[in-house]
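Structure, as structure tokens:
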Amino acid sequence: MKCTKSMLTLGAGLFAVLAIAYVVLPQFQTLVLSVAPFLLFLLCPLSMMFMMKGMNSHQDHRDASDTNVSQKSEPEQPLSIKR
């Protein structure tokens, strides 16, 4: 549900920016009206892409710290082969 909440927050922010641009920039009203549906439609895939990128960068950071911890521990002994 955290993703839905953040996507709704992002959508409300985008809608507010578009509404302000529509009011403040009257010469670009037709541009704002024509671009708004595309931006709102792209909201879901773009937020998913940024969320996944954020998750991967967090995972990379965790993997790097795990690697550093394992390197500091005792060196592994080679396995002996029993015959």
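The values are calculated or read from the model by the stated rules, or taken from the named source; none is laboratory data. Since the structure is predicted, the reported quantities are computational estimates derived from the model, not experimental observations. Heads up, the Cβs are rebuilt from the backbone with ideal geometry, glycines too, and the neighbour counts pull from every protein chain shown. These area figures cover heavy atoms from the full protein model, side chains too; ligands, DNA and RNA do not enter into them. Shrake-Rupley method; radii C 1.70, N 1.55, O 1.52, S 1.80 Å.
Annotations
- Sulfur and carbon atoms: percent of accessible area, the range 8-53 [1.4 Å]: 86 percent
- Model label sites at Lys53 and Leu25, defined 7 Å from Cα along the beta-carbon direction, differ in position by 2.2 nm.
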